[in-house]
Amino acid sequence: MIAVTVDPAPIDIGAEYAAIAVGGAGGIATFAGLVRADDGVEALTLEHYPGATEAALVALAEAAVARWELNAARITHRVGRMVPGDTVVFVATAARHRAAALEACAFLIDRLKTEAPFWKKESLAGAERWVEPRCSDDAAAARWNENA
Amino acid sequence: MATEILYFAWVREKIGTGAETLDLPAGLVSVADLVAWLAERSPGHAEAFADPARLRAAVDQTFVALDAPLGRPREVAIFPPVTGG
């Protein structure tokens, strides 16, 4: 079972967990990404490519379910304006055993960062700046290449 | 056939709009050809597209390299490298 949500509403982690904790899995792994206050960041605004974003997340979830034989995968990504401490993204995977759930969860967040069309803009001290991609994100995504 | 051109993030801001519907001329072979043609539309377009190495693209919502064939798309999106998660 795959569920993908892209929404400006705050992410309800309790509800997200409850939704994946059904169906008889032996292990559930979750990852929550939060807005950091680095350099005095006061707000983060997430822009995305409607339609293409959801399709990219579904494709990632389908790849994870097939590769790790997951019972379920959920990806919930917030868009719009957030403040430090807010949850930007929540990923959950359910499998028979822990290794599959943990690896699939890491795969999903690593690949989401380089393959899903989201863009972050930081607001700080009255100014705004677009976040630049990091080489370490590309390296984290590449470690899941099956031929690596 | 008109093509919907979409812009995101700082590409959108420099151009001043998130979408424009255009009749593309014959002879645009690759996505890079389209970007070069769009760059002549205004100073904002020229600034947004000044460094193609900083651009990514999707043709009919499929992510492609700038040297990919353009074909006859319904929708092309041009944007910076993604930074979600």
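Since every read-out is calculated from the coordinates, none of them should be taken as a lab result. Keep in mind it's a predicted model, so treat the numbers as computed, not measured. With ideal geometry, Cβ positions are generated from the backbone for all residues, glycine too; neighbour counts draw on all protein chains shown.
Structural remarks
- All positions within the range A:123-142 that are more than 7 Å from chain B (Cβ to nearest Cβ), over 18 Å from A:ALA66 (Cα atoms) and not acidic (Asp, Glu): A:SER123, A:LEU124, A:ALA125, A:GLY126, A:ALA127, A:ARG129, A:ARG134, A:CYS135, A:SER136, A:ALA139, A:ALA140, A:ALA142
- In the range A:37-49, the residues that are within 12 Å of chain B (Cβ to nearest Cβ) and closer than 22 Å to A:ASP12 by Cβ: A:LEU44, A:THR45, A:LEU46, A:HIS48
- Tally of residues being in a strand (DSSP E or B) and either more than 14 Å from chain B (Cβ to nearest Cβ) or touching a helix residue (DSSP H, G or I) at 6+ places or on another chain (Cβ under 6 Å) (or both) across the range A:89-102: 6
- Filtered residue count, the range A:116-127, keeping only those that are farther than 17 Å from B:PHE79 by Cβ and either in contact (Cβ under 8 Å) with a residue 40 or more places away in the chain or not hydrophobic (A, V, I, L, M, F, W, C) (or both): 5
- Per the conditions (1) touching a residue at least 24 places away in the same chain (Cβ under 8 Å); (2) more than 30 Å from B:ALA19 (Cα to Cα), the sole criterion not satisfied by A:HIS48 is (2).
- Among residues of the range A:103-122, those that are away from every other protein chain (no Cβ under 14 Å) and either of a type in the set (Phe, Trp, Tyr) or more than 15 Å from A:ARG74 (Cβ to Cβ) (or both), counted: 1
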